[in-house]
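K.L.:
Okay, handing you the structure first.
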Amino acid sequence: MCIRDSDVAWKSLNKHHEELCGDKVEVLKTDDSDILILADGMGSGVKANILATLTSKILGTMLYEGAALESCVETIAKTLPICQVRKVAYATFSVLQIFHSGEAYLVEFDNPSCVFIRDGKIVNYAYETREIEGKKIHEYRFQVQKNDCFVLMSDGVIYAGAGSILNLQGWTWEAMAEYTLKCTKKTMSASRLAVMLSQACDELYEEKPGDDTTVAVARVIDRRIVNVFTGPPKEKKDDERMMYEFMHTEGKKVVAGGTSANIAARILGKEIVTKVDSRNPDIPPMAVIEGIDLVTEGVLTPVSYT
């Protein structure tokens, strides 16, 4: 069975003139799943940041420990501080859990619906509505496929442009979903997609966001294993044993640091070949050791993604 993994990235814009963001994203990895949480605290600034942080931390901690959703929502309802103005403790949230088996679980409370893209199309999937502690929760359970793309968002995304470029309407969910679909045809990187969507929101707000605005992107990929060797063993006599274990592990091999590279070359009986890139004189050069996928000096290295 092919184990599924997640390529996850997010980008937030603070409300104009606010130093703290009222949205909070948490990413957790359990033994059998990846969990992405986006919480949006009521209002903006410090209070919203506290509400969003508490919500995301409570959800993350409890879900990581295997707690049921009912327990999570009940705990949030009893824990969040009460707003003295509105007399409610309020934070919205979205939770996406992708299991390595390919199963997925999505929970949404008052956030805009997740954008789900598969095979170049926007997918609408059925959900169940449950009421927990007076809150209506939407729940989705489905199977994921490789290259599925999910975008969670705070409501600042669909309000982008309201009152200025897009008059009173703002960027509708449908328009945002279509733009996301268009972007996925140019890139499948979660980080790049998050940047593109966030930049579009910033432009619609004319670089003065009227609300905290966050997009969190998860893309389903096959699991990739990377092993990094950096820093020598405490005892020199352990060099050979360590390199043997390193070379016999599954996945890509990365050696970081000049000392580590010299140890690897010596034990493997290979030569270190330095690649000098004259176009980037300020960036330390990469090196090559036969049998190692990437050799870097340990601080900064240019990397080509394929």
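The values are calculated or read from the model by the stated rules, or taken from the named source; none is laboratory data. This one's a predicted model, so the numbers in the text were calculated from it and none came from an experiment. Note that each Cβ is placed from the backbone with ideal geometry, even for glycine, and that neighbours are counted across all protein chains shown. We work out accessible area using only protein heavy atoms, side chains counted, and drop any ligands, DNA or RNA first. Shrake-Rupley method; radii C 1.70, N 1.55, O 1.52, S 1.80 Å.
K.L.:
Assuming 0.36 nm per residue, please report the length gained on full extension of the stretch LYS252 to ASP119 beyond their Cα-Cα distance.
P.N.:
The span from LYS252 to ASP119 would gain 45.0 nm if fully extended.
K.L.:
In whole percent, how big is the carbon plus sulfur part of the accessible area of the stretch 1-144, probe 1.4 Å, protein atoms only?
P.N.:
Looking at the stretch 1-144 in its full context, I get 49 percent from C and S.
K.L.:
Okay, next question. How much accessible area does THR274 have with a 1.4 Å probe, in Å² rounded to the nearest 10?
P.N.:
Roughly 80 Å² of THR274 is accessible to a 1.4 Å probe.
K.L.:
Which residue, GLU65, GLU235, GLU108, tops the fluctuation ranking in a GNM of the chain built on C-alpha contacts under 10 Å?
P.N.:
Most flexible of the set in this elastic network: GLU235.
K.L.:
Spelling out what I want: for every residue of the stretch 53-65, take phi, set θ = phi - 60°, compute 6.51 cos²θ - 1.76 cosθ + 1.60 (Karplus), and round to whole Hz; glycine and proline get x.
P.N.:
Running phi through 6.51 cos²θ - 1.76 cosθ + 1.60 with θ = phi - 60° gives 5, 4, 4, 5, 5, 5, 4, x, 5, 6, 5, 4, 7 Hz.
K.L.:
Just need the relative contact order of the chain here, percent rounded to a whole number, with Cα pairs under 8 Å and 6+ apart.
P.N.:
Once divided by the residue count of the chain, the mean separation gives 18 percent.
K.L.:
Between 0 and 90 degrees, rounded to the nearest ten: what's the tilt of helix 258-268 against the longest Cα principal axis of the chain?
P.N.:
60
K.L.:
How large is the dipole of the chain about the Cα centre if only Lys and Arg carry +1 and Asp and Glu carry -1, each at its Cβ, rounded to the nearest 20 debye?
P.N.:
Using only the charged Cβ atoms, the result is roughly 340 debye.
K.L.:
What aspartates and glutamates sit close enough to LYS78 to cross-link, taking a C-alpha to C-alpha distance under 13 Å and skipping anything fewer than 8 places away on the same chain?
P.N.:
Those aspartates and glutamates meeting the cut-off are GLU70, GLU133.
K.L.:
Then there's this: Mind listing the phi-derived Karplus ³J(HN,Hα) values for the stretch 117-132, rounded to whole Hz, using 6.51, -1.76 and 1.60 with θ = phi - 60°, and x for any glycine or proline?
P.N.:
10, 9, 6, x, 9, 7, 9, 9, 10, 6, 9, 10, 9, 10, 10, 10
K.L.:
Once you put a point 7 Å from the Cα of VAL273 and another 7 Å from the Cα of GLU245, both along the Cβ direction, what distance in nm separates them?
P.N.:
Each label point is offset 7 Å from its Cα along the Cβ direction, giving 3.1 nm.
K.L.:
Which cross-chain or sequence-distant (5 or more) residues have an amide H under 5 Å from the amide H of PHE229, H modelled 1.01 Å from N in plane?
P.N.:
Amide H neighbours of PHE229: VAL254, VAL255, ALA256.
K.L.:
For the chain, with a Gaussian network of springs between Cα atoms less than 10 Å apart, report the residue from ILE158, ILE225, ILE267 with the top mean-square fluctuation.
P.N.:
Highest fluctuation of the listed residues: ILE267.
K.L.:
What trypsin sites (Lys or Arg not before Pro) does the stretch 87-195 have in DSSP loop regions with at most 15 other beta carbons within 10 Å?
P.N.:
In loop regions of the stretch 87-195 (DSSP not H, G, I, E or B), the sparsely surrounded trypsin sites (Lys or Arg not before Pro) are LYS87, LYS146, LYS185, LYS186.
K.L.:
Still on this model: How large is ³J(HN,Hα) for each residue in the stretch 155-163, as worked out from phi by the Karplus curve 6.51 cos²θ - 1.76 cosθ + 1.60 (θ = phi - 60°), to whole Hz, x for Gly and Pro?
P.N.:
Each residue's phi maps through the Karplus curve to give 6, x, 5, 7, 8, 4, x, 5, x Hz.
K.L.:
Then there is this: Skip the ligands, DNA and RNA, and give the accessible area per residue of the chain with a 1.4 Å probe, whole Å².
P.N.:
55
K.L.:
With 31 Å as the limit, write out which pairs from LYS136/LYS186; LYS11/LYS146; LYS29/LYS136; LYS185/LYS252; LYS57/LYS135; LYS15/LYS135 have Cα-Cα distances beyond it, or answer none.
P.N.:
LYS136/LYS186
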